[in-house]
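Engineer: Below is a structure I'd like to ask you about.
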Amino acid sequence: MRKQSNHHKGHISSTERFRRKRNKLFKNDPNCYWCGKLTVNRDRKLEESSSTKDNDATVDHLYSKFQPERYRDGYKGIVVLACGKCNHERGIEEEKLFFLKESYMLQLITEV
């Protein structure tokens, strides 16, 4: 009996979907949504260093998972083109805000 392959004909991996989305966004407007700087769309798989550089074109969620009211209401699929620097910095800031909110809520609960 033949074993079924995980990769069905016509199946597109999430990595490939992500790459296609980035290419489409870049073609539409190669500038970072947040800072307006020109980004570089390079295939990091083909280079020695696969790390993201500051000017690399990346896909960023317009509303993050740290904004549950937006994320839950169907906005999680809205993405924009962002430079690597903005995407990274934005992620760090959102994470900090999330944990500040969480610690504040925990403090309110324990004070009662």
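The values are calculated or read from the model by the stated rules, or taken from the named source; none is laboratory data. The shown structure was predicted, so the numbers you read here are calculated from the model rather than taken from an experiment. Here the Cβ is made from the backbone with ideal geometry for all residues, glycine too, and neighbour counts use every protein chain on show.
Engineer: Looking at Lys21, is it at pLDDT below 70 and farther than 30 Å from Leu100 by Cα?
Structural biologist: no
Engineer: Let me ask you something else. Considering each residue of segment 93-108, count those that are exposed (fewer than 10 other Cβ atoms within 10 Å of the Cβ) and modelled with pLDDT of 80 or more, and give that number.
Structural biologist: Within segment 93-108, residues that are exposed (fewer than 10 other Cβ atoms within 10 Å of the Cβ) and modelled with pLDDT of 80 or more number 0.
Engineer: I would also like to ask the following. Among the residues of segment 24-71, what is the count of those that are surrounded by 14 or more Cβ atoms within 10 Å (Cβ to Cβ), out of contact with any Lys or Arg (no Cβ under 9 Å at 6 or more places or on another chain) and at pLDDT 85 or above?
Structural biologist: 5
Engineer: Next question, about the same structure. Starting from segment 48-59, keep only residues that are under 7 Å from Gly84 (Cα atoms), then list their pairs with residues that are of a type in the set (Lys, Arg) and modelled with pLDDT under 90 whose Cβ atoms are within a distance under 7 Å, requiring at least 6 positions of separation or different chains.
Structural biologist: Asp56/Arg42
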